[in-house]
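The values are calculated or read from the model by the stated rules, or taken from the named source; none is laboratory data. Because the structure is a prediction, the values reported are computed rather than measured. Here the Cβ positions follow ideal geometry from the backbone for every residue, glycine too, while neighbour counts run over all protein chains shown. Note: areas computed on protein heavy atoms with side chains; ligands, DNA, RNA excluded. Shrake-Rupley method; radii C 1.70, N 1.55, O 1.52, S 1.80 Å.
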Amino acid sequence: MTKPVSPQRSMRPKAPLTLVGLLVVLGGAAVVALTVGAAGIPIARLPAALGLWIDSPAHPLTGRDQLVLWSIRIPRIAAAAMVGSLLAVSGAIMQGLFRNPLADPALVGVSSGGALAATSTIVIGDRLGWPLPFELLPIAAFVGALSATSALYSIATRESRTSAAIFLLGGLAIAALANAGIGLLVFVADDRQLRDITFWMLGSLGGATWPKTLAIAPFAAALIVAVPLIARGLDLLVLGEAEAFHMGVEVERLKRYAILLVSAITGAAVAVAGVIGFVGIVVPHLLRLMIGPGHRLLLPASVVLGAILMVGADTGARMLAAPAEVPIGILTAAIGAPFFLAILLRQRSVANL
């Protein structure tokens, strides 16, 4: 007698294929991003600009193309891919940690805390005349994001239980406090500082350079190393903290590692691109529909789909009002907010059944 195949098991062969397909889409999105911009590069000139066809006849614009690609677009695409991956995985980890499908670093104040710390560093450091290298901004944003995450966890957790309602309400309060601090900085800032603060609040990758891209590369590397280590614990944590503990998960250690990781990667993303919302809530939900809720595949897939979403959004930001750029946070909000409302309506429909 053959055993019936469960729905979850029937989906498993498709999940690796989905991951491979996402990698292919990411490659296509990167190629499109390389060719689109104020200085357009036709696809026919792209291999020569990348140095792949050394023996081909040199095009008169090859030198310009190479300068645009290697000085502007390639570091920007790399930064966009890493920022998207960091934000998407941070949302997936928070949703698994708090067992709340609506958790997102931007919605619950984690990104706002990082932005407040980074903008405070810019304004106060500039007023005091301190030379502040860019490498200090991810550190400041990390401290702000860690403070916001720790405060949120302390508010929402009591007797080893996390309240979803208090979690969301506490996150809104933390975000409001952080935004009030940013508003105060806007009030006291001069014109140059005000432009920097506006960058943090709206989100943009216009200032992405090789030093900035390399500054967040260690955070992306730490994310790739940490994902396999926490995936099993997050899967078991869905059953409840007591059940996960009896199945061998050190729950408190997992919480500490997850909070530290979310704070680090969110702070790094905010330091480079400012506050960009809805990536951490849209990507995990789409992937749960495609490959299921298991974090062993959900987290790696979030890395790839987050990169796709951010590279695509950045390309759209450069195309919509060329040669000017639309803040990328506006595009992600325009896409993510309707998706967020659809999730709420779907949950209400399920609850009424």
Scan the helices (runs of 4 or more DSSP H) fully inside segment 1-53 and keep the ones with 1 or more residues being modelled with pLDDT of 70 or more, polar (S, T, N, Q) and surrounded by 11 or more Cβ atoms within 10 Å (Cβ to Cβ). 14-35
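Okay, residues lined up against (1) of a type in the set (Asp, Glu); (2) modelled with pLDDT of 85 or more; (3) crowded, with 24+ Cβ neighbours inside 10 Å:
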| residue | (1), (2), (3) |
| --- | --- |
| ILE93 | no, yes, yes |
| GLY96 | no, yes, yes |
| ARG99 | no, no, no |
| ALA103 | no, no, yes |
| VAL108 | no, no, yes |
| GLY113 | no, yes, yes |
| PRO131 | no, no, no |
Can you name the number of the only condition in (1) open to solvent by less than 60 Å² (accessible area, probe 1.4 Å); (2) within 22 Å of LEU87 (Cα to Cα); (3) assigned to a helix (DSSP H, G or I) that LEU185 fails? (2)
Quick one: is ARG296 part of a helix (DSSP H, G or I), open to solvent by 30 Å² or more (accessible area, probe 1.4 Å) and in contact with a Lys or Arg (Cβ under 8 Å, 6 or more places away or on another chain)? yes
Can you find a residue that is among the acidic types (Asp, Glu), within 25 Å of VAL227 (Cα to Cα) and out of contact with any Pro (no Cβ under 9 Å at 6 or more places or on another chain) anywhere in segment 325-338? no
ASP235 vs (1) of a type in the set (D, E, K, R); (2) within 18 Å of the chain's Cα centre (by Cα); (3) modelled with pLDDT of 85 or more: all pass except (2)
Residue hits (segment 240-262; open to solvent by 90 Å² or more (accessible area, probe 1.4 Å) and within 26 Å of the chain's Cα centre (by Cα)) are ARG253, ARG256, TYR257
What pairs come out if I take residues in segment 259-282 that are over 19 Å from PRO101 (Cβ atoms) and touching a residue at least 24 places away in the same chain (Cβ under 8 Å) and pair them with residues that are among the hydroxyl-bearing types (Ser, Thr, Tyr) and assigned to a helix (DSSP H, G or I) whose C-beta lies under 6 Å away, six or more apart or interchain? SER263/THR149; ILE265/SER90; VAL270/SER111; VAL275/SER111; ILE276/THR332
Quick check on THR149: is it out of contact with any helix residue (DSSP H, G or I) (no Cβ under 7 Å at 6 or more places or on another chain), open to solvent by less than 60 Å² (accessible area, probe 1.4 Å) and not aliphatic (A, V, I, L, M)? no
